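Here is the structure we will look at.
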Amino acid sequence: MTSPTKILQQYWGFNTFRPLQQDIIEAVLANKDTLALMPTGGGKSLCYQVPALCRPGVCLVISPLIALMKDQVENLRKKNITAYAIYTGMSRKEVEQTLQTAGNSNCKFLYVSPERLETRLFQEYLPALNVNLIAVDEAHCISQWGYDFRPPYLRIAKLREELANVPVLALTASATPEVQVDICDKLQIADAKKTAWSVFKQSFERTNLSYSLFNEAIFITKIVDILSKVQGTAIVYCRTRKQTREISDQLQLQQISADYYHAGLTQEERNTKQEAWINNKVKVIVCTNAFGMGIDKPDVRLVIHAGVPDCLENYYQEAGRAGRDGKKAYAVLLTNAKETDQLLAMPDIRYPSLADIKQVYQSLVNYLQVPTGGGKDESYDFNITEFTKKFNVHPHNAYYALQAIQSDGWFVLSESVFKPSTVAFNCTKQYLYAFEEKHPESEPVIKSLLRAYEGIFDRQVNISEKTVAYLVRSTPEKVKEQLTQLHNYKIIQYQPQKEVPQVYWLRNRISVNELTIDMVAYDKRKKLFKSRVEQMVSFVENTKICRAKVIGNYFGDDAITDCRICDVCLAKKETALDNILFQQIQQSILSVVQTAPISPAALTQALKKTNKKHLNEVLRFLISENIITQNKDGNLLHKK
């Protein structure tokens, strides 16, 4: 077995691990089930990548985020490490090809979305994969008491029965103590084989990150003011897609380099915007929470929230994208009374009634035309905007009702699934030669496909119309037309790229009268969500406890101390009075008021070099102790 340090040096160029990384890796290599609670940017991926490379076999990585899986696979391949991914939206043929390749090659990492785990196809190929480690990313998703419960994660326990001797590494950046216990419990194998988990928790202390909060009626004015004072790249998080565009446009009008980003953009648009920001061509990315997962940009100096997130888990993860390089950074939360009122109303919106859920379910199966008794393991294109208009359902009601049905394990709703264009030849080579003679205008495209994509004559292959257009010196639009013509001639099977939300059914469709939801668990989730909202509102209204300490305590880090750099700590520092300073200000006040009655405004003017907060604090004390009184005109008198 190769040593972890050698692997780290060979592939990442580092000589030492970050805190806790080596301890976690050693526990995994000792075949111990391990839970790693590491803050955003703490280097979680290395904790499974290094031990997996230390010994033979494949590391099975379970992740809910398609974009994150693709980024990880791409980054590993850049290091000449073989990695593949299987996720919602891939056809059966694509999944089968990936599993065959992973089992018959030097594949080291196979990223899998959780809903794929119990499919017959995956279980059929599982024994051939030689799995050496199961890494569960975003492990808090397995707990229905957490903030981001995803039912397909519960399938991992069944997977463990097939791989009983393979250790599990569960990774998360944000889990409360209750959720940490639930993760270990849900990922446990059969009772007879239960073993103690190795649990590693990194401190939630971020000594370089300053948290602050401002009450602002209009956010954009404060955002411009902050951006003018903080150098370097920034993220501005918004609640809605519309808001991202509006704020981005307003920043550009102020000559601030900005762009917007949300899940409604095409994959190409998102990639272009993301790359421009990562490469410092754009200073500010204004986005929804669709942005940030898996993006490794250590030099972000500022994260602004234009509105209050619905829980501290989300806020901590998003704010934590600032200052990963260890240098001074700022997390600014903008709020107002309207924000907190809307947040307190969210539990009833997020958890609709059973009657509303059933109505949305009936509308959904009608919209998708899923037959009763069918649908299992099928994926359907789903346009929620079209759906809500067609069936006259309020978008909020539709979205959260769908989330409720999803949480009960009926289907998986994926907001954005990108399916690249594919081509497969349908004819023999002899027939193709004859076709080219009759249709010489098609020959350049056909030849380019055969030369650029190895194996395209034997199987379906992902292609890029842009690449083909470059090879034939044409435009992507004309290439698409020619590919469509070849498809109509049945020379090829051409499927243009798609990028639409998908509904992937985990069970067969039943009638709406048979639809049941576990209302006991549903009501408990609603109660816990309400508690998280109240915790978030408490964080917003807090003026006495260090903000970093509030966050650390929420996640069970009781050892965290005052950060001394958040707005609460700075306010305390500013108003702190030691005895010597108190006595000095008291003598100054008494020396002024003992000669003659004086108004409070005149006293402030007379002692204008004294800190106003300190002056008022000492004055309040003197009045409360009856050392100074006020006459009927409101003037101050020294009571001798």
Review point. Does Thr604 satisfy the criteria of being among the hydroxyl-bearing types (Ser, Thr, Tyr), modelled with pLDDT of 85 or more and in a helix (DSSP H, G or I)?
Key: yes
Point to revise | Unique residue being among the basic types (Lys, Arg) and closer than 28 Å to Glu94 by Cβ when the list is Lys429, Lys438 | key: Lys429
Revision key, fill the gap. The correct count of residues that are in contact with a Phe, Trp or Tyr (Cβ under 6 Å, 6 or more places away or on another chain), among the hydrophobic types (A, V, I, L, M, F, W, C) and assigned to a helix (DSSP H, G or I) in the stretch 457-504 is 1
Revision key, fill the gap. Exception for Glu441 within (1) more than 23 Å from Ala85 (Cα to Cα); (2) modelled with pLDDT under 90; (3) loosely packed, with under 15 Cβ neighbours inside 10 Å falls at (2)
Point to revise | When residues of the stretch 517-546 are limited to those that are in contact (Cβ under 8 Å) with a residue 40 or more places away in the chain and not in a helix (DSSP H, G or I), the one farthest from Ala175 (Cα to Cα) | key: Ile517
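Look at the stretch 117-143 and say how many of its residues are over 23 Å from Cys47 (Cβ atoms) and under 27 Å from the mean Cα position of the chain (by Cα). Break it down stepwise before answering.
Filtering the stretch 117-143 for residues over 23 Å from Cys47 (Cβ atoms) gives 118-128.
This time we only want the ones that are under 27 Å from the mean Cα position of the chain (by Cα), so: 118-119, 122.
Looking only at that region, the number is 3.
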**Study point:** Condition broken by Lys281, with the remaining ones in (1) without any contact (Cβ under 8 Å) to a residue 40 or more places away in the chain; (2) in contact with an Asp or Glu (Cβ under 7 Å, 6 or more places away or on another chain) satisfied
**Key:** (2)
Revision key, fill the gap. Across the stretch 133-159, the tally of residues that are surrounded by fewer than 19 Cβ atoms within 10 Å (Cβ to Cβ) and under 27 Å from Gln22 (Cβ atoms) stands at 0
Check your understanding: Residues of the stretch 237-262 being in contact with a Phe, Trp or Tyr (Cβ under 9 Å, 6 or more places away or on another chain) and not polar (S, T, N, Q), which ones?
Key -> Tyr237, Cys238, Arg241, Arg245, Glu246, Ile247, Asp249, Asp259, Tyr261, His262
Check your understanding: Within the stretch 575-584, is there a residue that is buried (at least 19 other Cβ atoms within 10 Å of the Cβ) and touching a helix residue (DSSP H, G or I) at 6+ places or on another chain (Cβ under 9 Å)?
Key -> no
Revision key, fill the gap. By residue number, the members of the stretch 546-569 that are modelled with pLDDT of 90 or more, out of contact with any strand residue (DSSP E or B) (no Cβ under 7 Å at 6 or more places or on another chain) and aliphatic (A, V, I, L, M) are Val550, Ile551, Ile560, Val568
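Conditions (1) β-branched (Val, Ile, Thr); (2) surrounded by 19 or more Cβ atoms within 10 Å (Cβ to Cβ); (3) assigned by TED's automatic domain parsing to the domain that holds Tyr522, marked per residue:
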residue	(1), (2), (3)
Asn397	no, no, yes
Ala401	no, yes, yes
Ser448	no, yes, no
Glu454	no, no, no
Asn462	no, no, no
Val472	yes, no, no
Glu481	no, no, no
His487	no, no, no
Check your understanding: Out of the residues in the stretch 221-230 that are surrounded by fewer than 19 Cβ atoms within 10 Å (Cβ to Cβ) and not small (Gly, Ala, Ser), which is nearest to Gly307 (Cα to Cα)?
Key -> Lys222
Review point. Are there any pairs with C-beta distances below 8 angstrom linking a residue in the stretch 328-356 that is assigned by TED's automatic domain parsing to the domain that holds Val308 to a residue that is among the polar types (S, T, N, Q) and surrounded by 20 or more Cβ atoms within 10 Å (Cβ to Cβ), with the two at least 6 apart or on different chains, and if so which?
Key: Lys328/Ser210; Ala329/Ser210; Tyr330/Ser210; Ala331/Ser210
**Study point:** Residues that are under 18 Å from Ala173 (Cα atoms) and buried (at least 17 other Cβ atoms within 10 Å of the Cβ), drawn from the stretch 23-40
**Key:** Ile24, Ile25, Asp33, Thr34, Leu35, Ala36, Leu37, Met38, Pro39, Thr40
Point to revise | Matching residues, the stretch 231-256, being buried (at least 16 other Cβ atoms within 10 Å of the Cβ) and of a type in the set (S, T, N, Q) | key: Thr233, Gln243, Thr244, Ser248, Gln250
Review point. If you go through the stretch 3-21 one residue at a time, do you hit one that is touching a strand residue (DSSP E or B) at 6+ places or on another chain (Cβ under 8 Å) and of a type in the set (Ser, Thr, Tyr)?
Key: no
Review point. Here are some residues: Leu603, Leu590. Which one is in contact (Cβ under 8 Å) with a residue 40 or more places away in the chain and touching a strand residue (DSSP E or B) at 6+ places or on another chain (Cβ under 9 Å)?
Key: Leu590
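Restricting to the stretch 1-12, and then to whatever is in a loop (DSSP other than H, G, I, E, B) and not β-branched (Val, Ile, Thr), can you tell me which residue is modelled with the highest pLDDT?
Checking each candidate, the answer is Ser3.
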Practice item. Please work out which residue is farthest from Asn513 (Cα to Cα), limiting yourself to the stretch 364-380 and to residues that are in contact (Cβ under 8 Å) with a residue 60 or more places away in the chain and assigned to a helix (DSSP H, G or I). Key: Leu368
Point to revise | Candidate set: the stretch 505-516, residues that are part of a loop (DSSP other than H, G, I, E, B) and not polar (S, T, N, Q); chosen: the one surrounded by the most Cβ atoms within 10 Å (Cβ to Cβ) | key: Arg509
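The values are calculated or read from the model by the stated rules, or taken from the named source; none is laboratory data. Because the structure is a prediction, the values reported are computed rather than measured. Neighbour counts are summed over all protein chains in view; Cβ atoms, including those assigned to glycine, are modelled from backbone coordinates with ideal geometry.
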